[in-house]
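Notes for the one structure printed next.
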Amino acid sequence: MTRPHATTGEPLWTPPPSQIEGARVVAFARWLEAERNTGPLPDYRSLWRWSVEHVPEFWAAVWDYFGIVAHTPYTRVLTGDTMPGVRWFEGAALNYVDHVFRHAVGDAPAVIEATEPGPGGPAGRTEVSWDELRRQVAAVAATLRSLGVGVGDRVVGYLPNSTETMVAFLAAASLGAVWSVCGQDYGPTAACDRFAQLAPTVLVTADGYRHGGREHDRRVSSRELCDGLPTLRATIVVNRLGLDTTSLGDTIRWADATAGDHRLEPVAVPFDHPLWILFSSGTTGLPKGIVHGHGGVLVEHLKSLALHFDLLPGDRFLWHTTPSWMMWNLQVSGLLTGATVVCYDGSPVFPRTDALWALAAELGVTVLGTSPGYLLGCAKDGVHPGADHDLTALRILGSTGSVLPAESYHWVADHIGTRVQVVSTTGGTDVVTGFAGGAPTVPVWAGEISVPCLAVSLDAWDEHGRSVMDQVGELVVTRPMPSMPVSFWNDPDRSRYRQAYFDVYLGVWRHGDWITMTDRGSVLVHGRSDATLNRNGVRMGSADIYQAVERLPEISEALVVGVEGDDGSYWMPLFVALSADARLDQALCERIRTVIRVEVSPRHMPDEIIVAPGIPHTRTGKKLEIPVKRLFHGAAAEDVFDLEAVDDPALIPWFTSFHQQRRSAARDHRGDV
């Protein structure tokens, strides 16, 4: 698999000397030189190299540099040398929540909650101070304790992205209980598929949420979810829309759960004690519960947010996310740095496409996170954020969820400004962090992720397990990370865990993405390796096609799959969802083929270009390439799609019908009866 054309020329963004001098990652490097006798670490690349060559020493340094408070000390940083099965910071007992309030500053805002305008009313803005956040967390912890919740019990949330969601999580975690949450855009069946596995003790839910200019009543869904969780001792209800919740039965009102003054006393738990359980997308079969530990999340998120995003007290940190996505977890961890976290319960494009930019300007957001799809949509709609909004506070624009094309980097430079650093990241729910991202001291090249993250022994390997440079290979991590899963839920022999990451290269994490490691230290991502296009033995990444096609103004989105036939044939269709008023005529087909031929390669040319009513995704935005491919291989739709986990379930019958019509036409062509 050959490397696609790489970015050439000058960087799109270069850190100014003042930013380099003041960056926390530089202070950390100087501290290492002085306190750990590492020798000179003059730049990011030398620091990264030291971190992956001295993994235990690096994490011990993070522990000391950030002053991790442990109720009992650790005896050894890393035990074992073969993944999976290593153990981190054995003997240490701590609690994630202890560290959330270490930088608390009285009446300064810890959380700012923003909501969409309601029917006939203005948008909502609510500030919660550090003192008030602590009080609410302590009160909810006392409520949970009175319900018998203790170490190891599960508390689950069916909630929007709100202050209450953060409070409920922190309260549960302070008790050593295990937290799991999904947004209320999930139907009750999908939520139950996740939570029922955990046998939860308490459910925290809400009467509904606002999105896209509508109020979404979730009382019936909450009732159905309660009925599907027989282990519940109690349900706590947050009143977001002001609806009557008596239909939910005997519940505890959020106002009562947060009443009174209580002492917050986080319970010390072992380093790898479960903090939260995140779930795989669950498009087929039951979603996998991915367990992360208190300590692993704590040290990893401190490293990521403080050293890579340079997040500090006084910063305002907003990532547009849902509680179902790991970026919600990372956003909450902004509190660990003393930053103010902005949580937004609403659509980024309501009432206008530039709504997210308007919110960032209004609140003085310094670090803003979004998705490639949002940036592409803004470009197509002619949005001019820098001209229409005061974004002078913004210094970092983060993007994740899919590959950020080079054109979007240029659009940010042209429409927001070259002073803003674009930080594209790749990582995942599996490690609840990034494998590669940005650093405040490293230039940004359009279309490239700037650096492998510190202590992430990232590499690209060919099918023989050989490291390749400037060529496309499998994303692998060759040394352990503390935020790798503690386990999968209900996987006592760890067989599913091993199969998920370690079944290809013994003792090496294989993530399932195609990447290129460049000779200047940056990373290019080409798409999922388990959805690889393979024409005549040439393997190709779907993301390269999307980057070329989706910048055409007539194309809203695209999906490409490669389908192997029983007779050895190979069919590679490109499905396109069109923008308003566009139509797929011969001229547009030729433009699509030309842009693929010129910007990617002739080998990437689709066999057919087909108009679809839309492109299906998981609810966290991943295109459903593999399920669609399996459908075209003849699998039944009900076996490959969990409609509750698809963002637009109405699209699946269209793809099913298309497949059936194509199969029928092929039979007619062959003369089959």
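Structure notes:
- Accessible solvent surface per residue of the range 122-239, calculated while the other protein chains remain in place, 1.4 angstrom probe, Å²: 30
- Dipole of the chain [Lys/Arg +1, Asp/Glu -1 at C-beta], most positive-end residue of VAL100, HIS211, THR418: VAL100
- Charged side chains reduced to their Cβ positions (Lys and Arg at +1, Asp and Glu at -1) give the chain a dipole of some 600 debye around its Cα centre.
- Histogrammed with a bin width of 5 Å, the alpha carbon distances of the range 224-271 distribute as 4, 14, 21, 17, 16, 13, 10, 3, 1 percent, first bin at zero.
- Between GLU362 and GLU21, full extension at 0.36 nm per residue minus the direct alpha carbon distance yields a gain of 119.9 nm.
- Computed from the C-alpha gyration tensor, the three semi-axes of the ellipsoid equivalent to the range 286-392 are 27, 18, 11 Å, from longest to shortest.
- Model label sites at HIS216 and VAL598, defined 7 Å from Cα along the beta-carbon direction, differ in position by 4.1 nm.
- Separation of the ARG49 and THR392 label points, Cα + 7 Å toward Cβ, nm: 4.2
- For the chain, averaging the sequence separation of C-alpha pairs within contact (under 8 Å, six or more residues apart) and dividing by the residue count gives a relative contact order of 13 percent.
- For GLN547, the shell of other residues with beta-carbons less than 11 Å away shows a net charge of -3, using +1 for Lys and Arg and -1 for Asp and Glu.
- Protection proxy ranking of 501-508, 69-76, 415-422, 152-159 - average other beta-carbon atoms within 10 Å, highest first: 152-159, 415-422, 501-508, 69-76
- Note on the range 353-439: Kirkwood hydrodynamic radius from all Cα pairs is 13.2 Å, rounded to one decimal.
- By average C-beta atoms within 10 angstrom, highest first, the peptides 172-185, 549-562: 172-185, 549-562
- A DSSP coil position with no more than 12 other Cβ atoms inside 10 Å describes the following trypsin sites (Lys or Arg not before Pro) in the range 240-291: ARG263.
- Once you reduce the range 323-386 and the range 562-621 to the center of their Cα atoms, the two points are 30 Å from each other.
- For the range 52-156, the alpha-carbon radius of gyration amounts to 1.53 times the rule-of-thumb value 2.2 N^0.38 Å expected for a compact globular protein.
- Projected area averaged over orientations for the range 277-348, convex hull of C-alpha atoms, nm²: 5.6
- Highest mean packing first, where packing is the average number of other Cβ atoms within 10 Å per residue, the peptides 25-32, 632-639 line up as 25-32, 632-639.
- Vicinal HN-Hα couplings computed from phi for the range 65-70 (Karplus, 6.51 cos²θ - 1.76 cosθ + 1.60; Hz; Gly/Pro x): 4, 8, x, 4, 9, 10
- Lysine pairs with alpha-carbon atoms under 24 Å apart, the chain, spacing 8 or more or separate chains: 5
- FRET efficiency, 1/(1 + (r/R0)^6) with R0 60 Å, evaluated for ALA582 and ALA196 via beta carbons: 0.85
- The range 255-316 - Rg over Rh from alpha carbon coordinates, Kirkwood radius: 1.11
- The distance linking the range 192-234 with the range 404-419 is 40 Å (Cα centroid to Cα centroid, whole angstrom).
- The charge dipole of the range 590-673, taken about the Cα centre with unit charges on the Cβ atoms of Lys, Arg (+1) and Asp, Glu (-1), comes to about 380 debye, rounded to the nearest 20.
- Per residue convex hull volume, Cα atoms of the range 588-653, in Å³: 109
- Value of relative contact order over the range 288-388, rounded to a whole percent, pairs C-alpha under 8 Å and six or more apart: 28
- Other-chain or far-sequence residues with amide H under 5 Å of ILE236's (modelled H): LEU203, VAL204, THR205, ILE252
- Estimated vicinal HN-Hα couplings, Hz - the range 367-380 in sequence order (Karplus 6.51, -1.76, 1.60; Gly, Pro = x): 10, 10, x, 8, 10, x, x, 5, 5, 5, x, 4, 5, 5
- Amide N of the range 593-612 lying under 17 Å from the label point, which is placed 7 angstrom from the Cα of TRP654 along Cα→Cβ: 609-612
- Ranking of VAL349, VAL128 by solvent-accessible surface, largest first: VAL349, VAL128 (1.4 Å probe, protein heavy atoms only, all chains present).
- Subtracting the Cα-Cα distance of THR72 and HIS384 from 0.36 nm times their residue separation leaves 107.0 nm of extension gain.
- Restricting attention to the chain, close to 60% of DSSP beta bridges with both partner residues there are antiparallel.
- Among [x] 81, 77, 76; [y] 88, 52, 49; [z] 76, 66, 56, the entry that matches Cα extents along the principal axes in Å as calculated here: [z]
- Distance histogram for the range 174-281 (every C-alpha pair counted, 10 angstrom bins, percent rounded to whole numbers): 13, 40, 35, 12, 1
- Placed amide H near SER424: partners under 5 Å, 5+ positions off or other chain: SER399, SER450
The values are calculated or read from the model by the stated rules, or taken from the named source; none is laboratory data. Fair warning: this is a prediction, and the values are worked out from it, not measured in the lab. Heads up, the Cβs are rebuilt from the backbone with ideal geometry, glycines too, and the neighbour counts pull from every protein chain shown. Note: accessible area is taken over every heavy atom of the protein model, side chains too, but ligands, DNA and RNA are not part of it. Shrake-Rupley method; radii C 1.70, N 1.55, O 1.52, S 1.80 Å.
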